[in-house]
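The values are calculated or read from the model by the stated rules, or taken from the named source; none is laboratory data. Keep in mind the model is a prediction, meaning the values are calculated, not measured. Glycine gets a Cβ as well: all are built from the backbone with ideal geometry, and neighbour counts include every protein chain shown.
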Amino acid sequence: MNDVWKMVHEERAVLADDMREVADELWDTPSLCPGWTVHDVVAHLVESARTSRTRFAVKMLRARMDFDRQNAAGIARERGSTPAETLTRLVACIPLTATPPAPLDTRLVEMVVHGEDIRRPLRISRTYPHEAVRRALRLQARTSTSFGGARQSIAGVRLSATDADLSIGDGPEVVGTALSLLLAISGRPVEPGELDGPGVAELVQACGAA
C-alpha cells in the first residue's frame with residue numbers, strides 16, 4: 001500500500017512540475033479524454049485526490065447515482081478561474097491518501113492514463129515507473145467495463161507487453177509497451193506503430209482506441 005501511494009505522490013508532483021511549463025492558453029487544449037480539456041482533466045485529478053470513501057458516496061447520491069454527472073460536478077467545483085489556481089490546488093493534493101471505494105491500484109490507473117490524457121496533446125513526454133504501469137494494466141484488464149475497466153472488451157485477445165514480463169488473456173496477440181496497451185484498453189488513441197499483432201484491429205474496435 002505504501003508503495004502505491006509513493007508512486008501516486010510522485011506522479012502528482014511530476015505532473016505539477018510539467019504543468020508549470022505550459023502556457024495558460026494551452027490549458028484549453030482538448031485532452032485524450034473525450035469532451036474534456038487539459039484543464040478539465042487536471043481539475044478532475046484534484047477532485048479525485050480529495051475524494052474519500054464517504055465523500056464519494058455523498059457525491060454519488062447528490063448526482064443521483066450518475067457517474068458522469070458526478071464527474072462534471074467535481075470538475076466544476078475544483079477547476080480554478082485560472083490555470084494557476086487549479087495548479088495550486090493540484091500541488092496541495094500531492095501528499096493526500098484519500099481514495100474512493102475501489103482497489104488502491106485505481107490511483108495508478110488514474111495518474112498514468114489521465115497523465116497521458118494531458119501530456120500527449122501537449123507533446124510532453126513522461127517515462128512512468130514500470131511497476132506503476134504494469135499494476136495499472138493488470139487492474140484495468142481484470143476490471144469490468146461497467147466499472148471503467150476493460151475485462152469484457154479484451155476477452156478475445158492476448159496482450160503482450162514488450163517492456164515487461166507480462167501477458168494477459170488468450171486469442172490473437174496484441175503487442176506493445178505496457179503503456180501503449182494500457183492506453184488502448186482504456187479507450188485512448190495510440191500512435192501508429194505503437195501496437196502490433198493480429199489482434200490489433202479487434203482490440204481497437206472493442207475498446208474504441210482509434
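What do you reckon, is residue 153 buried (at least 21 other Cβ atoms within 10 Å of the Cβ), of a type in the set (Gly, Ala, Ser) and over 16 Å from the mean Cα position of the chain (by Cα)?
It is true that residue 153 is buried (at least 21 other Cβ atoms within 10 Å of the Cβ), of a type in the set (Gly, Ala, Ser) and over 16 Å from the mean Cα position of the chain (by Cα).
Scan region 119-148 residue by residue and report those that are under 27 Å from residue 27 (Cα atoms), at pLDDT 95 or above and outside any helix (DSSP H, G or I).
If the condition is that a residue be under 27 Å from residue 27 (Cα atoms), at pLDDT 95 or above and outside any helix (DSSP H, G or I), then 123, 124, 125, 126, 127, 128, 129 are the ones that fit.
In region 111-127, which residue that is within 17 Å of residue 43 (Cα to Cα) and out of contact with any Asp or Glu (no Cβ under 9 Å at 6 or more places or on another chain) is surrounded by the fewest Cβ atoms within 10 Å (Cβ to Cβ)?
Only one residue fits best here, namely 121.
Of the residues 169, 115, which is outside the structural domain of residue 101 (by TED's automatic domain parsing) and of a type outside the set (Val, Ile, Thr)?
169
Does residue 154 satisfy the condition of being in the same structural domain as residue 41 (by TED's automatic domain parsing), in contact with a helix residue (DSSP H, G or I) (Cβ under 7 Å, 6 or more places away or on another chain) and touching a residue at least 40 places away in the same chain (Cβ under 8 Å)?
Taking the combined requirement at face value, the residue does not satisfy it.
Going through 58, 109 one at a time, which residue ends up being at pLDDT below 85, of a type in the set (Val, Ile, Thr) and outside any loop (DSSP other than H, G, I, E, B)?
58
So residue 163 ticks every box in (1) surrounded by 15 or more Cβ atoms within 10 Å (Cβ to Cβ); (2) more than 16 Å from residue 10 (Cα to Cα); (3) in contact with a helix residue (DSSP H, G or I) (Cβ under 9 Å, 6 or more places away or on another chain) but one. Which box is left unticked?
Here residue 163 clears every test but (1).
Mind counting the residues in region 154-205 that are part of a loop (DSSP other than H, G, I, E, B), more than 17 Å from residue 126 (Cα to Cα) and touching a Ser or Thr at 6+ places or on another chain (Cβ under 9 Å)?
6
For region 35-53, does any single residue satisfy the condition of being buried (at least 16 other Cβ atoms within 10 Å of the Cβ), under 27 Å from residue 185 (Cβ atoms), of a type in the set (Phe, Trp, Tyr) and at pLDDT below 95?
Checked against the condition, which is being buried (at least 16 other Cβ atoms within 10 Å of the Cβ), under 27 Å from residue 185 (Cβ atoms), of a type in the set (Phe, Trp, Tyr) and at pLDDT below 95, region 35-53 yields no hits at all.
Inside region 4-52, can you point out the residues that are without any contact (Cβ under 8 Å) to a residue 12 or more places away in the chain and either closer than 20 Å to residue 131 by Cβ or outside the structural domain of residue 109 (by TED's automatic domain parsing) (or both)?
Across region 4-52, the qualifying residue is only 6.
Residue by residue, here is whether (1) without any contact (Cβ under 8 Å) to a residue 40 or more places away in the chain; (2) touching a strand residue (DSSP E or B) at 6+ places or on another chain (Cβ under 9 Å) holds:
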| position | (1), (2) |
| --- | --- |
| 112 | no, no |
| 116 | no, no |
| 124 | no, no |
| 162 | yes, yes |
| 181 | no, yes |
